[in-house]
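For reference, the structure discussed in these notes is given below.
The values are calculated or read from the model by the stated rules, or taken from the named source; none is laboratory data. Quick caveat, the model's predicted, so the values are computed rather than measured. Here Cβ is always computed from backbone atoms with ideal geometry, including for glycine, and neighbour counts include all displayed protein chains.
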Amino acid sequence: MAEAQTKSLVKPVGEPAARRVEVPIKKASGPGDDKVHTWPHLVRVEFLCALLIIVLLIVWSLLVDAPLEEPANPARTPNPSKAPWYFLGLQEMLVFFDPWHAGVVLPSFIIMGLMVIPYIDINPKGNGYYTFAERKFEILTYLFGFHILWVSLIVIGTFLRGPGWNWFWPWQKWDPHKVEAMTNVDLPYLFGLRDPTASMVFGLVVVGGYFVVGTLAMYWSIRKYKGPEFMQRWGMPRFMTTSFLFLNMMAVLIKMLLRHALSVKYVLATPWINI
């Protein structure tokens, strides 16, 4: 018996050490068979897209000159004086917010929000495949934050802000002699408050009420559409973090729209302000 086991363990000299296994490349044939190989189905498409983008950039660089200006002259400040394109969004926000808030607080919230995404996103759907129906809130929030609150501000700062940081439509000539009052109308002023202390208290009440009402509205909507089980699984720390960052993001758009609306209304009501 022992001799038979020993013979079975001995490998013949002519037998190959390993067999080569051929793995066929298959394509998805139905909704239940949705897994395909990364190569060549994904890498090939990405490679072709990269080639098209490279060709587009080469043709664009040959047809359009780089917007280079003359060497810097310390005795002559250009008008308008613009930051690099990737900072124009922050420079545009300086029109609407205090420099500390627009230059320090909001960028810190952006960095903090990007860092906590892996900890607050517990939705396993959409991992490894593209889907919109299963990740509506995540995708729409990203599109709103990136395209509306960042890319659009860069486009405005590049093409619509001219001399004096005044607003110029694409068909208007950039006139350096244009004088336009960029009047900032404080919300307490519209309610007849002139005392600094009363204005500060009024502002704290408005901002605090916005966050309290917004958090309660988010909590109610999530429990209604996702169910109490999702809220219990998500946890209150994740919800509060998401609510705080989302409400701050919405507050930026609300502040800008109110600033535009109130400034136009105030200027139209007092035409002498442009004199």
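For segment 28-49, what are the residues that are within 15 Å of Y129 (Cβ to Cβ), modelled with pLDDT under 85 and part of a helix (DSSP H, G or I)?
Listed by number, the residues that qualify are T38, H41.
State yes or no: is T197 of a type in the set (S, T, N, Q) and either closer than 30 Å to T242 by Cβ or touching a residue at least 40 places away in the same chain (Cβ under 8 Å) (or both)? Working first, answer last.
On the way: of a type in the set (S, T, N, Q): yes; either closer than 30 Å to T242 by Cβ or touching a residue at least 40 places away in the same chain (Cβ under 8 Å) (or both): no.
Judged against the criteria, T197 is not a match.
Here is a yes/no grid of residues against (1) within 28 Å of the chain's Cα centre (by Cα); (2) within 21 Å of L106 (Cα to Cα):
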| residue | (1), (2) |
| --- | --- |
| T131 | yes, no |
| V151 | yes, yes |
| V201 | no, no |
| V206 | yes, yes |
| F211 | yes, yes |
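With the structure loaded, tell me whether I117 is touching a residue at least 60 places away in the same chain (Cβ under 8 Å) and part of a helix (DSSP H, G or I) or whether it fails that test.
Details: touching a residue at least 60 places away in the same chain (Cβ under 8 Å): no; part of a helix (DSSP H, G or I): yes.
No: the conditions fail for I117.
Looking only at segment 84-114, filter to residues that are touching a residue at least 40 places away in the same chain (Cβ under 8 Å) and outside any helix (DSSP H, G or I); which one of those is nearest to R259 (Cα to Cα)?
Here the residue is F96.
Provide a single number: the residues in segment 165-187 that are modelled with pLDDT of 85 or more and assigned to a helix (DSSP H, G or I).
Residues flagged as modelled with pLDDT of 85 or more and assigned to a helix (DSSP H, G or I) within segment 165-187 amount to 1.
How many residues, within segment 88-117, are surrounded by 11 or more Cβ atoms within 10 Å (Cβ to Cβ), small (G, A, S) and farther than 19 Å from W165 by Cβ?
1
Among the residues of segment 61-78, which ones are modelled with pLDDT of 85 or more and surrounded by 10 or more Cβ atoms within 10 Å (Cβ to Cβ)?
Answer for segment 61-78, where residues must be modelled with pLDDT of 85 or more and surrounded by 10 or more Cβ atoms within 10 Å (Cβ to Cβ): just S61.
As an exercise: evaluate F159 against (1) closer than 19 Å to P67 by Cβ; (2) touching a residue at least 60 places away in the same chain (Cβ under 8 Å) and give the number of the one condition it does not meet.
(2)
So if I check each of I154, I148, which one is at pLDDT 85 or above, surrounded by 13 or more Cβ atoms within 10 Å (Cβ to Cβ), assigned to a helix (DSSP H, G or I) and out of contact with any Phe, Trp or Tyr (no Cβ under 7 Å at 6 or more places or on another chain)? Outline the logic, then answer.
Values: I154 fails: out of contact with any Phe, Trp or Tyr (no Cβ under 7 Å at 6 or more places or on another chain).
Matching residue, one of I154, I148: I148.
Does at least one position in segment 118-132 carry a residue that is exposed (fewer than 12 other Cβ atoms within 10 Å of the Cβ), of a type in the set (V, I, T) and closer than 22 Å to R233 by Cα?
yes
Out of all the residues in segment 188-210, which are surrounded by 14 or more Cβ atoms within 10 Å (Cβ to Cβ) and not in a helix (DSSP H, G or I)?
L193, the sole residue that qualifies.
When the residues of segment 228-275 are filtered to those that are in contact with a Phe, Trp or Tyr (Cβ under 9 Å, 6 or more places away or on another chain) and of a type in the set (D, E, K, R), which remaining residue is modelled with the highest pLDDT?
Among them, the one singled out is R238.
Any idea which of P163, P170, P176 is within 27 Å of P84 (Cβ to Cβ) and more than 31 Å from the chain's Cα centre (by Cα)? Before the answer, list the steps.
Working: P163 fails: more than 31 Å from the chain's Cα centre (by Cα); P170 fails: more than 31 Å from the chain's Cα centre (by Cα).
It is P176.
Residues being among the polar types (S, T, N, Q) and closer than 30 Å to N166 by Cα: count how many of those fall in segment 177-224.
First pass over segment 177-224, keeping only residues among the polar types (S, T, N, Q): 183-184, 197, 199, 215, 221.
Retained after the next criterion (residues that are closer than 30 Å to N166 by Cα): 183-184, 199.
Of the residues in that region, 3 qualify.
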